[in-house]
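Take a look at the structure set out below.
No value in this document is a laboratory result; all are computed from the given coordinates. Please read all numbers here as calculations on a predicted model, not as lab measurements. In this analysis, Cβ positions are derived from the backbone assuming ideal geometry, glycine residues included, and neighbour counts consider all displayed protein chains.
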Amino acid sequence: MTVINFASLLTERDRRFYIVQELAKGKSLPTWEQQGYSKS
C-alpha cells in the first residue's frame, strides 16, 4: 500500500484518521467537512 497523504481530525466526541492512497478529482476532505459531510 502506498500512502500519498494523511490527515487526522479531533473533535470533542471522536478522533478520526484518514489516509489517501490515490488522488481523485473533486473536493478536498476539509472542503467536504466544512460543508457538513459526515461518514456516519
>> Can you pull out the chymotrypsin sites (Phe, Trp or Tyr not before Pro) in the chain whose DSSP state is coil and whose Cβ has at most 16 other Cβ atoms within 10 Å?
In response: 37
> Once the principal axes of the Cα atoms of the chain are found, what is the range along each, listed largest first in whole angstroms?
Replying inline: 30, 20, 15
>> Need the full-extension length gain, residue 34 to residue 4, defined as separation in residues times 0.36 nm minus the C-alpha distance. One decimal, nm.
In response: 8.6 nm
